[in-house]
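Input: a single structure, listed below in structure tokens.
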Amino acid sequence: MSQQEDNENEKPDLKDRISGLGQKIIGEIETIGGVLTADPITQAEGEFNLEVGELREEIEEDLENSKAPDSEETDAK
């Protein structure tokens, strides 16, 4: 098994988990900065990053929940 295949089978590490939260934080900062400077483009980028961060967190949670029961079933066999 190659190193890449090993990495794909592992649970998401801390870096992947923080990525969704980090993107949400960056989005909040950009949104506030856009409002304060009256820059609609920066504000829109911030709102976009907020949404993407939320989606990343949801996807990571769904992946964790979907993988957890499968691993328990294979251990029981």
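The values are calculated or read from the model by the stated rules, or taken from the named source; none is laboratory data. Quantities reported herein were computed from a predicted structural model and do not represent experimental measurements. Every residue, glycine as well, gets a Cβ built from its backbone with ideal geometry; the counts of neighbours run over all protein chains shown.
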Boolean, residue 29 is β-branched (Val, Ile, Thr) and either within 22 Å of residue 62 (Cα to Cα) or modelled with pLDDT under 90 (or both): no
Failed criterion for residue 14 (all others in (1) modelled with pLDDT of 85 or more; (2) within 15 Å of the chain's Cα centre (by Cα) hold): (1)
Complete set of residues in region 26-54 that are touching a residue at least 24 places away in the same chain (Cβ under 8 Å) and loosely packed, with under 14 Cβ neighbours inside 10 Å: 51
